[in-house]
Amino acid sequence: MKYIKLLLLLFILQTQAQQGGMWIPSLLKGMNEAEMKSLGMKISAKDIYDANTSSLKDAVPQFNGGCTAEVISTKGLILTNHHCGFDVIQNHSTVEHDYLRDGFWAYKMEDEIPNKDLEVTFIVKIEDITIKILEGVAALTSETEKQKKIQENISNLTKNSPKESWQENRVRNFYDGNQFLLFVIESFKDVRFVGAPPSSIGKFGSDTDNWVWPRHTGDFSLFRIYADKNNRPAAYSVDNVPYIPKKSLAISADGIKENDFTMVLGYPGRTQEYLPSFAVSQIVEDLNPAKIEVRDAALKVQDGFMRKDNAIKIQYASKYAGIANYWKKWIGETKGLKKSNAVAIKQKFEKSFQEKVTKAGKQAEYGSLLSDFEKNYTDIKEYSIARDYFTEIVLRNTELLATGYKLYQLEQLLTTKEEQAFTDRKTNLINGLGDFYKDFNASVDEKVFEQLIAIYSKKFPKQFLPASLENVNAAALSSDIYSNSKIISYDKVKELLEGDSKSVIEKLNNDKGYQLIKVMADSYLKNVGPKYDEINLKNIATQRTYMKAILELSLKSDRIFPDANSTLRVTYGKVKGYKPNDAVYYEPITYLDGIIEKYIPGDYEFDVPKKLIDLYNTKDYGLYGVKGKMPVCFIATNHTTGGNSGSPALDANGNLIGLNFDRVWEGTMSDIYYSPEICRNIMVDARYVLFIIDKFAGAKNIINELKIIYPAIKK
Ligand code: ARG
Ligand code: GLU
């Protein structure tokens, strides 16, 4: 009987654990350890996070603000994604040394390349300081006052909490402002480039395969952290030495198979798992379609030019990839939310929430939350739509308007600030715009403008649309603006910006392009911005109380995890295939054979280096292959999001088995609703990384630094 009960408990734990979740490493012991063990984990919560002795968290820094990396040698070697190192690799590339095209490998430490403005940040300690942050807040009545007090407490505790001189304190809020944690962090600023495969490996499949499974991308690059003589963070210096980490990961060459336990440590950026149904339905019906429509049009224009002109292809490659990345994500997200009936599931949750509120006698406190949401989201709808069109069309995808908006902000500065502030901003702007214009092509942008301004005229909510944009003749307007405005070239913009504030403002206001952006920005900032902010503030407050209520009324087994907020999290699950569509099943592991199947000689997305084809033909996989095949990528049920790029995927023993870099398209809705059926994260297999470093690049120096655990049978 006891045995059956135990089995039942294990079964429940296991199925629940397939529900996603991004957990706080310092709280795993109480919240997750039992479940993780039931899934197969062999190490303890203490091995993952311990403030006093070295633990896995000491091997996982945030990489340059937006990605994750992991330490894989006792000499500070770190691994992250190729797409996370992309800018660095591009910056060091020239026509003679094109590291993007050909890859780069430092065969000795002296060849490692220093970088300006590249940093990695480790977490030293995490502490719950909720009580201190909320001190004196409950007594206040208005939302604005409360927020002010919280901000005050945050800045005091950030300033005054103990830390070493080279460390920093950071306070972050969790559960929509119901919990506050203090992070003591250490940032290393001398991070050197060690190696990356050619893009035909590191970015294999490019935009066509982006967000797609089955996948065959070797999305990794290598860096090394340098420290001063005391092993502490320091600015770049020739005297710096390789950092000796508190912890480095061993790499398992044993591989994985379906149903194996995996966990991912990293810095997921933002999720919205507790939005009410009203908000989700707005995303599905109104907001995502608006953003997709705009980017669809912009991408079509850019693609047309890029296909015809190689110089434009280079100029727009990175911009295009940036726009396409989220365009494709939103399409997948919208489809996934619909297909999984996310709105209906939320409604069901809300119904039972309301019942729990009544049962707990909390009507007065929580009874009106959902009707408040309903009213707020109805009220904000047109403002949100306007905001998304403005952001996507003006600030993000029409380069002339985006640049014009910066000039507009310069003029606005004068209403509050002195001449000196104006001059400083102007100088910064002139310096900054140089890089922008290098990759700007007015003919491309003119055609983008023509498409997007037509969308603005048609789709921007009528009540907020400037009169001059009603029924606009887009072709006539774009040719007028692009043949007359000075914003179309760096030299001409510099002319506009010459002189004191008075003459600059006068010139700007005579410019056709500037006149348009001013009309658009003025009307947006007057008719949309303030009202949006006002309702949004109400939503933030309601969301905080809603979250508080959910936490209060839930059971531990409800597995309520805090939304991602760019802090270190642990997510876990199992290696698993999925069924994207009727009659289709995707297996969880891809092999080099698939690269050869996708190979299109000379193609910019699907070309394959000759050396890799040779290795495939000779099956020269060393100890990294299995049964004559070379594994490349795999998927699992780990719940990840943007920012988890480069995150280590670990096995039951805490050894590295892969590197997270993407999610499957059908499951990108996991930022809003995680469905265990189809949400999967995509990782590059550690064995493929080792194979590329060893057999493809011949970088034995790197291999020799690593601690690789080979399966017993191969030793
Ligand atoms: N989808 C991945 C992420 O969100 C990879 C993006 C980089 N690759 C690309 N083809 N744009 O960051
Ligand atoms: N590629 C994403 C990143 O850069 C990770 C993929 C995702 O959004 O899950 O963080």
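The values are calculated or read from the model by the stated rules, or taken from the named source; none is laboratory data. Since the structure is predicted, the reported quantities are computational estimates derived from the model, not experimental observations. Counting neighbours? That spans all protein chains shown, and the Cβs are built from the backbone with ideal geometry, glycine included.
Reported count of residues in segment 293-313, each being within 16 Å of ligand 1 (Cβ to nearest atom) and among the aliphatic types (A, V, I, L, M), is 3.
Pick from Glu374, Glu350, Glu355, Glu333: which is within 16 Å of ligand 1 (Cβ to nearest atom) and either in a helix (DSSP H, G or I) or aromatic (Phe, Trp, Tyr) (or both)?
Details: Glu374 fails: within 16 Å of ligand 1 (Cβ to nearest atom); Glu350 fails: within 16 Å of ligand 1 (Cβ to nearest atom); Glu355 fails: within 16 Å of ligand 1 (Cβ to nearest atom).
Every option except Glu333 fails the conditions.
Of the residues making up segment 314-326, those that are in contact (Cβ under 8 Å) with a residue 12 or more places away in the chain and either among the acidic types (Asp, Glu) or more than 10 Å from ligand 1 (Cβ to nearest atom) (or both) are Gln315, Tyr316, Lys319. For residues in segment 209-234 being farther than 17 Å from Tyr99 by Cα and of a type in the set (A, V, I, L, M, F, W, C), which is surrounded by the most Cβ atoms within 10 Å (Cβ to Cβ)? It comes out as Ile225. At least 2 residues being at pLDDT 95 or above and within 25 Å of Gly594 (Cα to Cα) is the threshold, and among the strands (runs of 3 or more DSSP E) wholly inside segment 151-215 those reaching it are 190-196.
Of the residues screened, Tyr316 is one that is touching an Asp or Glu at 6+ places or on another chain (Cβ under 8 Å) and over 30 Å from Ala636 (Cα atoms).
Residue count for segment 352-371 under the criterion of being touching a Leu at 6+ places or on another chain (Cβ under 9 Å) and more than 20 Å from Ala541 (Cα to Cα): the result is 3. Of all the numbered requirements in (1) under 23 Å from Val60 (Cβ atoms); (2) away from ligand 2 (no atom under 16 Å from the Cβ); (3) within 22 Å of the chain's Cα centre (by Cα), Asp176 misses one, and that requirement is (1).
Filter segment 627-647 for residues that are more than 9 Å from ligand 2 (Cβ to nearest atom) and either buried (at least 24 other Cβ atoms within 10 Å of the Cβ) or part of a loop (DSSP other than H, G, I, E, B) (or both) and give the result.
Residues of segment 627-647 that are more than 9 Å from ligand 2 (Cβ to nearest atom), as a first pass: 627-639.
Within segment 627-647, Lys627, Gly628, Met630, Val632, Cys633, Phe634, Ile635, Ala636, Thr637, Asn638, His639 qualify.
Of all residues in segment 261-285, those satisfying the criterion of being in a strand (DSSP E or B) and within 16 Å of ligand 1 (Cβ to nearest atom) are Val264, Gly266. The residue list Leu525, Leu551, Leu516 contains one member that is in a helix (DSSP H, G or I), within 30 Å of Val124 (Cα to Cα) and at pLDDT 95 or above, which is Leu551.
Is there a residue being modelled with pLDDT of 95 or more, of a type outside the set (S, T, N, Q) and away from ligand 2 (no atom under 16 Å from the Cβ) anywhere in segment 3-22? No. For Tyr366, the test of being modelled with pLDDT of 95 or more, of a type in the set (Ser, Thr, Tyr) and within 16 Å of ligand 1 (Cβ to nearest atom) is failed. Of all residues in segment 441-476, exactly one satisfies the criterion of being in contact with an Asp or Glu (Cβ under 6 Å, 6 or more places away or on another chain) and part of a loop (DSSP other than H, G, I, E, B), namely Pro461.
Answer yes if at least one residue in segment 655-670 is in a loop (DSSP other than H, G, I, E, B), more than 16 Å from ligand 1 (Cβ to nearest atom), at positive phi and at pLDDT 95 or above, and no otherwise. Talk me through it step by step, then tell me what you get.
Of segment 655-670, the ones in a loop (DSSP other than H, G, I, E, B) are 655, 664.
Next, from what is left, pick out any that are more than 16 Å from ligand 1 (Cβ to nearest atom): 655.
With at positive phi added as a condition, the list becomes none.
Checking segment 655-670: not a single residue is in a loop (DSSP other than H, G, I, E, B), more than 16 Å from ligand 1 (Cβ to nearest atom), at positive phi and at pLDDT 95 or above.
When segment 76-95 is filtered for residues that are assigned to a helix (DSSP H, G or I) and within 16 Å of ligand 1 (Cβ to nearest atom), the ones remaining, listed by number, are His82, His83, Cys84, Gly85, Phe86, Asp87, Val88, Ile89, Gln90.
Matching residues to (1) of a type in the set (Ser, Thr, Tyr); (2) buried (at least 21 other Cβ atoms within 10 Å of the Cβ); (3) farther than 28 Å from Asn169 by Cβ:
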position: Glu96; (1), (2), (3): no, no, yes
position: Asp102; (1), (2), (3): no, no, yes
position: Tyr107; (1), (2), (3): yes, no, yes
position: Glu127; (1), (2), (3): no, no, no
position: Glu152; (1), (2), (3): no, no, no
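What do you reckon, is Ile693 among the aliphatic types (A, V, I, L, M), in a strand (DSSP E or B) and either out of contact with any Leu (no Cβ under 7 Å at 6 or more places or on another chain) or away from ligand 2 (no atom under 16 Å from the Cβ) (or both)?
On the way: among the aliphatic types (A, V, I, L, M): yes; in a strand (DSSP E or B): no; either out of contact with any Leu (no Cβ under 7 Å at 6 or more places or on another chain) or away from ligand 2 (no atom under 16 Å from the Cβ) (or both): yes.
It is false that Ile693 is among the aliphatic types (A, V, I, L, M), in a strand (DSSP E or B) and either out of contact with any Leu (no Cβ under 7 Å at 6 or more places or on another chain) or away from ligand 2 (no atom under 16 Å from the Cβ) (or both).
Determine whether Asn81 is under 30 Å from Lys159 (Cα atoms), at pLDDT 95 or above and crowded, with 21+ Cβ neighbours inside 10 Å.
Details: under 30 Å from Lys159 (Cα atoms): no; at pLDDT 95 or above: yes; crowded, with 21+ Cβ neighbours inside 10 Å: yes.
The answer is no for Asn81.
Name the single residue that is surrounded by the fewest Cβ atoms within 10 Å (Cβ to Cβ) among those in segment 671-682 being within 15 Å of ligand 1 (Cβ to nearest atom) and assigned to a loop (DSSP other than H, G, I, E, B). Restricting to residues being within 15 Å of ligand 1 (Cβ to nearest atom) and assigned to a loop (DSSP other than H, G, I, E, B), the top hit is Cys679. For beta carbons closer than 9 Å, sequence separation of 6+ or different chains, a first residue in segment 55-74 that is within 11 Å of ligand 2 (Cβ to nearest atom) and a second that is of a type in the set (Gly, Ala, Ser) and at pLDDT below 95, the qualifying pairs are Phe63/Gly85; Cys67/Gly85. Identify, by number, the condition in (1) within 16 Å of ligand 2 (Cβ to nearest atom); (2) more than 18 Å from Phe220 (Cα to Cα) that Arg663 doesn't meet. Result: Arg663 fails condition (2) only.
With the condition kept exactly as written, say whether any residue in segment 166-184 is of a type in the set (Gly, Ala, Ser) and surrounded by fewer than 18 Cβ atoms within 10 Å (Cβ to Cβ). Don't jump to the end; show me each part of the working.
Keep residues of segment 166-184 that are of a type in the set (Gly, Ala, Ser), which gives 177.
From what's left, surrounded by fewer than 18 Cβ atoms within 10 Å (Cβ to Cβ): none.
No, segment 166-184 has no match at all.
When each of Leu650, Leu615, Leu623 is tested for being buried (at least 24 other Cβ atoms within 10 Å of the Cβ), touching a residue at least 24 places away in the same chain (Cβ under 8 Å) and aliphatic (A, V, I, L, M), the lone residue that passes is Leu650. The condition (being among the charged types (D, E, K, R) and within 16 Å of ligand 2 (Cβ to nearest atom)) is satisfied by just one residue among Asp228, Asp219: Asp219.
Using the structure shown, decide if Lys351 is surrounded by fewer than 20 Cβ atoms within 10 Å (Cβ to Cβ) and either within 16 Å of ligand 2 (Cβ to nearest atom) or without any contact (Cβ under 8 Å) to a residue 40 or more places away in the chain (or both).
On the way: surrounded by fewer than 20 Cβ atoms within 10 Å (Cβ to Cβ): yes; either within 16 Å of ligand 2 (Cβ to nearest atom) or without any contact (Cβ under 8 Å) to a residue 40 or more places away in the chain (or both): yes.
When the stated conditions are applied, Lys351 passes them.
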